[in-house]
Amino acid sequence: MNKVKTQLNFKALFKNPYVQFILFGLVLSTLPLLSIQFSFIKSAYITTVGVALIYAIAALGLNLLLGWSGLISLGTAGFMGLASYISAYLTVDMGLPFEVALLAAILVPTFIGILVGLVSLKIEGLYLAIATLAVSEILRKTFEEFDQFTGAFSGKSAKFPQLFGMFQLDRGSTYWLIVFILILVMLITYNMVNGQIGRALNAMRGSEAAAQAMGVNLLKYRLVAFALATIFASVAGVLYVHFIRYSYPSSWTLKLSLDFLAMIVIGGLRSIYGTVLGAFIVFAVPDLFLKQIPYFSQLSYTLNGILIILVIMFYPNGIVMIFKDIRLWVLKLLKKGDRNHVK
Amino acid sequence: MLNENEVLKIEHLSIQFGGLKAVDDLSFSIRKNEIYGLIGPNGAGKTTVFNCITQFYKPNKGTIEFRLKNGGSTNLVDHKVHEIIRLGLVRTFQNVELIRELSVLDNVMIGAHIDFKASMLEQALKLPRARKEEKALREEAEEILRRLDIYDRKDMLVWGQPYGILKKVELARTLMCRPSLIILDEPAAGLNDVETLQLAQLIRRIRDKFDCSVLLVEHDMRLVMDVCDRICAISFGRFLAEGSAKEIQVNPLVQEAYLGSKEEEHA
C-alpha cells in the first residue's frame with residue numbers, strides 16, 4: 001500500500017512541468033560527459049548541439065512573436081548578430097566583464113526591437129516582414145562596413161565567458177551555461193504564456209477587437225512581444241559569440257532568419273518543446289548526419305522546404321504533436337496486450 | 001448630467017463617415033438594473049452606436065455620460081478603447097470574438113486581464129503574488145462557468161464548440177470584470193428558437209444575480225419584446241421612439257420604418 005502511494009507521488013512529480021524542464025536540462029547536460037565516456041560521440045558534436053540550443057533560445061523569442069502574438073519578424077538574425085558584436089567588442093576591446101557585456105548586448109538591440117514594435121502598430125503581415133528584414137539587412141551591412149567595431153569580413157573574435165571575473169569557462173562548461181540559460185528561458189516562457197501576458201498575446205492574435213474590449217492595450221503588448229523576442233535573440237547572440245568565439249557578417253543573413261521561421265513552423269507554433277525540437281531538426285540534424293552523405297550537404301534549404309510542406313499538410317501544429325500520437329498509439333497497444341493477457 | 005438612477009446617458013450623439021450620417025443627434029438613457037433594447041431596421045446605425053459607446057469609433061459630436069462604480073460619472077469619449085472595461089462597461093460582439101486555440105476557461109480568464117496587479121517580472125518568475133492572483137481569478141472564472149452551466153466544458157478548446165456555447169462563453173468573459181453595464185451586440189444572431197428562449201432567461205438571470213444593467217442591440221423581435229424593460233427604436237441613425245415593448249409595437253413611426261408607409265403599400 002505504502003509503495004503504491006510513493007509511486008503515485010513520483011508520477012505526479014514527473015507530471016509537474018517545472019520538474020520536466022529541469023529533467024530535460026539534466027539530460028541535455030550529460031552530453032559533454034558522454035563524449036568523454038564513449039568514443040562514438042565526437043567532441044565536435046558538443047559544438048553542433050550547443051549551437052542548436054542557442055538557436056532554440058532565439059527561436060523561442062520568435063515563437064512568442066509569431067506563434068503567440070501573430071506578429072512576424074524576419075529580423076531575428078540581425079538582432080542576434082548585433083548582440084554578438086557588442087559583447088565581443090566590450091569583453092575583448094574594452095576588457096569589461098562578461099556580465100556587463102551581456103547586459104549592454106541585450107539593452108541596445110532591445111531598444112531597436114522596441115522601435116520596430118512601435119512601427120508594427122501601423123503595418124502588418126507581409127509589410128511588417130519586409131520592414132523587419134530591412135532592419136536586419138541594415139544591421140548586416142553595418143557589420144560589413146563598420147570595421148573598427150566589427151572587424152568587417154575578417155570577423156570579430158571573442159573568448160569563452162569568464163563568470164563573475166573568477167571562473168574561466170571552457171567549451172564543455174560554456175555548453176552547460178547554454179543549457180542552463182535555455183532551461184531558464186523555457187521556464188520564463190512557460191510562466192508567461194500560461195498567465196495574463198500569454199492570454200493577452202493570444203487575444204491580440206485571435207481578435208484585436210476583443211482584446212481591446214477586454215482592456216488589452218495593443219501598443220503595450222506589441223512592444224512587449226517585440227522586446228521579449230529581441231531579448232531572447234540578444235541572449236542567443238551573446239552565447240553564440242562566446243561559444244563559437246567568432247562572429248562574421250555572413251553568419252547573420254536572411255537565411256538564418258528564415259531558418260528560425262522554419263524551426264518554429266516545423267517544431268511547433270506555440271510549443272516550447274516544439275521550438276527546441278525544431279532547432280534540432282533544422283540545424284543539428286543536417287549538420288550531424290546529412291553532411292556525411294555526399295551531395296546532401298548543400299541540400300538543407302530544399303529539405304527545410306519539403307519538411308515545412310509535409311508538416312503543414314500532416315502536422316499543422318508542428319512535429320511535436322507526433323509524440324502525442326505515439327503516446328496514444330502505445331497506450332492503445334498496451335490495452336490490446338492487456339486484453340489478450342486476460343483471455 | 002446623469003440622474004440618480006441612470007447608468008448611461010447619451011446626448012446628441014452624432015458620427016459621420018464621409019457624407020453619410022450614420023448616427024444623427026441621438027439621445028437616450030439607461031437606468032440601473034434595466035434591460036434596454038436598441039432596435040431598428042438593417043443599416044439603422046445600431047452597431048455604430050455600440051462602437052461609439054465602447055470607443056471603437058470616436059463620435060463627432062455628443063456626450064456619453066457613464067456612472068462609475070464609486071458613484072461619480074465620466075464622459076466615455078475622453079477614454080481610450082482599452083480603458084473602457086476598467087470603468088465597468090463591457091461588450092460582446094456580433095460574430096463572437098473568442099480565441100479558438102484556448103480553452104473555455106482561458107477565454108473567460110481573458111476577461112480578467114485588468115484585474116491582475118502583479119508586474120510582468122513577478123509573472124515571468126511566478127512569484128507568490130502572481131501565483132495567488134492567478135489562482136483566485138481562476139476560481140472566480142470557474143464559479144461563473146458553473147453559474148452559466150458550462151463548467152463541464154471548462155478545459156475543452158473553444159474551437160469546435162456549438163454556437164450556443166460560444167455565446168455563453170463570451171457572456172462569461174464579460175462577467176469576469178464585475179460590470180455595471182453589459183452591452184450585447186445581436187446576442188440572438190445564429191440561435192434557434194429554443195436557444196433564444198434560454199438566452200432571454202439567461203440575460204434576466206445575469207441582470208438579477210450580477211446586479212448590472214444590460215443594453216442590447218437586436219434584430220430578433222421575439223427576444224427584444226420578451227426581455228427588454230424599455231426599447232429605443234432608431235432608423236437611419238435618428239431617434240424614432242422610446243417605450244415599453246407594447247408601446248413600441250403599436251407606434252406608427254416604428255411600423256413605418258420596419259414595414260414601409262401605407263402610401264408605398266398602395267402604390
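The values are calculated or read from the model by the stated rules, or taken from the named source; none is laboratory data. This one's a predicted model, so the numbers in the text were calculated from it and none came from an experiment. Using ideal geometry, Cβ is built from the backbone for each residue, glycine included, and neighbour counts are taken over all protein chains shown. The protein model used for the area step is the full one, side chains on, heavy atoms only, and it has no ligands, DNA or RNA in it. Shrake-Rupley method; radii C 1.70, N 1.55, O 1.52, S 1.80 Å.
Scan region B:117-146 for residues that are in a loop (DSSP other than H, G, I, E, B) and either touching a residue at least 12 places away in the same chain (Cβ under 8 Å) or in the same structural domain as B:LYS209 (by TED's automatic domain parsing) (or both) and the total you get is 2. Residues in region A:218-232 that are surrounded by 19 or more Cβ atoms within 10 Å (Cβ to Cβ) and of a type in the set (Lys, Arg): A:ARG222 alone.
Give me the strands (runs of 3 or more DSSP E) completely within region B:26-103, filtered to those with at least 1 residues that are among the hydroxyl-bearing types (Ser, Thr, Tyr), ordered by residue number. Walk me through it before giving the result.
Details: elements: B:35-39, B:61-67, B:73-75, B:89-91.
Result: B:35-39, B:61-67, B:73-75.
Is it true that some residue in region B:249-263 is in the same structural domain as B:LYS9 (by TED's automatic domain parsing), open to solvent by 10 Å² or more (accessible area, probe 1.4 Å) and within 24 Å of B:PHE93 (Cβ to Cβ)? Within region B:249-263, not a single residue is in the same structural domain as B:LYS9 (by TED's automatic domain parsing), open to solvent by 10 Å² or more (accessible area, probe 1.4 Å) and within 24 Å of B:PHE93 (Cβ to Cβ).
Inclusion of B:ILE114 among residues that are in a helix (DSSP H, G or I), at the interface with chain A (Cβ under 8 Å from one of its Cβ atoms) and not small (Gly, Ala, Ser) is warranted. Scanning region A:199-217 for residues that are surrounded by fewer than 22 Cβ atoms within 10 Å (Cβ to Cβ) and more than 7 Å from chain B (Cβ to nearest Cβ), we see that the one that is nearest to B:ASP106 (Cα to Cα) is A:ARG205. Residues that are part of a helix (DSSP H, G or I) and in contact (Cβ under 8 Å) with a residue 60 or more places away in the chain: does region A:288-297 have at least one? The answer is yes; a qualifying residue exists.
Checked against (1) surrounded by 13 or more Cβ atoms within 10 Å (Cβ to Cβ); (2) assigned to a helix (DSSP H, G or I), B:GLN201 passes all but a single condition, namely (1).
Filter region A:22-46 down to the residues that are open to solvent by 40 Å² or more (accessible area, probe 1.4 Å) and in a helix (DSSP H, G or I) and list them by number.
Our first condition is that a residue be open to solvent by 40 Å² or more (accessible area, probe 1.4 Å); within region A:22-46, this holds for A:22-24, A:26-27, A:30, A:33-34, A:36-40, A:42-45.
Across region A:22-46, the qualifying residues are A:ILE22, A:LEU23, A:PHE24, A:LEU26, A:VAL27, A:LEU33, A:LEU34, A:ILE36, A:GLN37, A:ALA44, A:TYR45.
Across region A:55-94, which residue is modelled with the highest pLDDT among those that are of a type in the set (Val, Ile, Thr) and part of a helix (DSSP H, G or I)? Steps first, please.
Taking region A:55-94 and keeping what is of a type in the set (Val, Ile, Thr), we get A:57, A:72, A:76, A:86, A:91-92.
Right, trim to part of a helix (DSSP H, G or I) and you get A:57, A:76, A:86, A:91-92.
Numbers: A:ILE57: 95, A:THR76: 91, A:ILE86: 92, A:THR91: 88, A:VAL92: 84.
Per the stated criteria, the residue is A:ILE57.
Note on region B:74-95: residues that are open to solvent by less than 20 Å² (accessible area, probe 1.4 Å) and within 10 Å of chain A (Cβ to nearest Cβ) amount to 7. Screening region A:53-97 for residues that are surrounded by 24 or more Cβ atoms within 10 Å (Cβ to Cβ) and aromatic (Phe, Trp, Tyr) and picking the one that is farthest from A:TYR190 (Cα to Cα) gives A:TYR85.
So that you can scan it fast, the table gives a plain yes or no per residue for (1) closer than 25 Å to B:GLY71 by Cα; (2) open to solvent by 10 Å² or more (accessible area, probe 1.4 Å); (3) of a type outside the set (Phe, Trp, Tyr); (4) not assigned by TED's automatic domain parsing to the domain that holds B:ILE15:
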residue	(1), (2), (3), (4)
B:LEU148	no, no, yes, yes
B:MET156	no, yes, yes, yes
B:TRP159	no, yes, no, yes
B:VAL169	no, no, yes, yes
B:ILE183	yes, no, yes, no
B:SER213	yes, no, yes, no
B:ASP226	no, yes, yes, no
B:GLY237	no, no, yes, no
B:SER244	no, yes, yes, no
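Annotation: B:LEU127 fulfils all but one of (1) open to solvent by less than 40 Å² (accessible area, probe 1.4 Å); (2) within 11 Å of another protein chain (Cβ to nearest Cβ); the unmet one is (1).
Quick check on my filter: what residues within region A:171-190 are open to solvent by less than 10 Å² (accessible area, probe 1.4 Å) and under 16 Å from A:VAL19 (Cα atoms)? Hits for region A:171-190 are A:VAL179, A:LEU182, A:MET186, A:THR189. Screening A:GLY215 with (1) out of contact with any Asp or Glu (no Cβ under 8 Å at 6 or more places or on another chain); (2) within 30 Å of B:LEU171 (Cα to Cα) gives one miss only, at (1).
From the list A:LEU177, A:LEU187, which one is under 20 Å from the mean Cα position of the chain (by Cα) and more than 14 Å from chain B (Cβ to nearest Cβ)? Can you show your working first?
Working: A:LEU187 fails: more than 14 Å from chain B (Cβ to nearest Cβ).
Within the list A:LEU177, A:LEU187, the selection yields A:LEU177.
What is the number of the single condition among (1) at the interface with another protein chain (Cβ under 10 Å from one of its Cβ atoms); (2) within 29 Å of B:LEU216 (Cβ to Cβ) that B:ILE144 does not meet? The one condition B:ILE144 does not meet is (1).
Of everything in region B:25-70, what is of a type in the set (D, E, K, R), touching a strand residue (DSSP E or B) at 6+ places or on another chain (Cβ under 7 Å) and surrounded by fewer than 19 Cβ atoms within 10 Å (Cβ to Cβ)? Give them in sequence order. Within region B:25-70, B:ASP25, B:ARG31, B:LYS32, B:LYS61 meet the criteria.
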